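The values are calculated or read from the model by the stated rules, or taken from the named source; none is laboratory data. Not measured: the values here are computed from a predicted model. Heads up, the Cβs are rebuilt from the backbone with ideal geometry, glycines too, and the neighbour counts pull from every protein chain shown.
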Amino acid sequence: MLGAMLGDMIGAPYEFDRSPKVKEFPLFRRSSQFTDDTVMTVAVAEALMDTLGEPDDKVRRAVVQSMQKWGRRYPNAGYGGMFIRWLASRDPKPYGSYGNGSAMRVSAAGWLYDTLEETRHAAALTAMVTHDHPEGIKGAESTAGAIFLARMGHSKEEIREYIVREFRYDLSRTCDEIRPGYRHVESCQKTVPEAVTAFLEGTDFEDVIRTAVSLGGDCDTLTCIAGGMAEAFYGIPGEIAREGRARLPEEMVAVLDRLQGIVAVRERDFRN
């Protein structure tokens, strides 16, 4: 989950087509601060941890309540107009969105479940409270699925084949082919494949982050999605992890630490 948050922070200064379109740039700047991507990632993580093993209705209610709680706590994080209205609603309903918000907030689902089926199901639940368009749900499921497969030790080729087979995303273009004409688009279908491609081409965590930023577009969200996958596959270098944590409020670090504790216990139990 920290990988997604780091992607958000590092990509944030280059959002709205401000990417240098190269991989050589300062990894952290003064303006490398978290946005709505991180706020909602924390919110979804908290809700899923609170409802592990609970029925779907309870999970969906918890996701709504947590997203509204965290969104209202950080009201100026950069939300879209429709989502702002959803946050303020007393009876929030999904609004047919296929925006990339469903994919950028879902990384915790890739870490908290024991099977790919459970992972995809939980990801869909987190999406459908707002992004109930099939493309919005698809974006969340594919992102969480890639994270699950990466943390379970699958190869990049296996992850690629799964994403193409299950979600029909076009992963045939290279980053060099994507980069020149890629512009700011906030849909899952124009963000998730590019994020997956950046992950697949990157050679380590930092290189995935730099590759994602170099593509441009909705840079914080694209890099958030790619960063979540990169963490699961490579881990995060200590210095980068420490810098990212230092830029987060204590209450967000507490949620992150809680998730990492749950994951550590599950992995220990799995090995035994």
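Some points to look at:
- Selection status of Met49, crowded, with 24+ Cβ neighbours inside 10 Å and either touching a residue at least 40 places away in the same chain (Cβ under 8 Å) or basic (Lys, Arg) (or both): no
- Gly96 falls short on exactly one of the conditions (1) in contact with a Pro (Cβ under 8 Å, 6 or more places away or on another chain); (2) touching a residue at least 24 places away in the same chain (Cβ under 8 Å); (3) surrounded by fewer than 16 Cβ atoms within 10 Å (Cβ to Cβ); (4) small (Gly, Ala, Ser), and that condition is (1).
- Residue match in the range 78-100 (condition: on the phi < 0 side of the Ramachandran plot, in contact with a helix residue (DSSP H, G or I) (Cβ under 6 Å, 6 or more places away or on another chain) and of a type in the set (D, E, K, R)): no
- Among all residues of the range 29-41, there is at least one that is at pLDDT 95 or above, within 20 Å of Thr130 (Cα to Cα) and part of a loop (DSSP other than H, G, I, E, B).
- If you go through the range 2-35 and keep only what is under 16 Å from Arg245 (Cα atoms), surrounded by fewer than 24 Cβ atoms within 10 Å (Cβ to Cβ) and among the charged types (D, E, K, R), you end up with Arg29, Arg30.
- Identity of the residue in the range 109-143, among the aliphatic types (A, V, I, L, M) and either out of contact with any helix residue (DSSP H, G or I) (no Cβ under 9 Å at 6 or more places or on another chain) or within 15 Å of Val263 (Cα to Cα) (or both), that ends up surrounded by the fewest Cβ atoms within 10 Å (Cβ to Cβ): Leu112
- Flag for Leu222 being farther than 18 Å from Ser31 by Cβ and either crowded, with 21+ Cβ neighbours inside 10 Å or within 17 Å of the chain's Cα centre (by Cα) (or both): no
- The residue of the range 36-46 that is nearest to Asp257 (Cα to Cα), among those that are in contact with a Ser or Thr (Cβ under 8 Å, 6 or more places away or on another chain) and either surrounded by fewer than 22 Cβ atoms within 10 Å (Cβ to Cβ) or charged (D, E, K, R) (or both), is Glu46.
- Screening the candidates Val213, Val164, Val265, Val208 for the property of being part of a helix (DSSP H, G or I), in contact with a Ser or Thr (Cβ under 8 Å, 6 or more places away or on another chain) and either among the small types (Gly, Ala, Ser) or over 25 Å from Met67 (Cα atoms) (or both) yields one hit, Val213.
- Residue in the range 109-128 that is farther than 16 Å from Val42 by Cβ, of a type in the set (Phe, Trp, Tyr) and not in a helix (DSSP H, G or I) present: yes
- Test: residue in the range 163-182 that is under 15 Å from the mean Cα position of the chain (by Cα), over 17 Å from Thr35 (Cβ atoms) and in contact (Cβ under 8 Å) with a residue 40 or more places away in the chain: no
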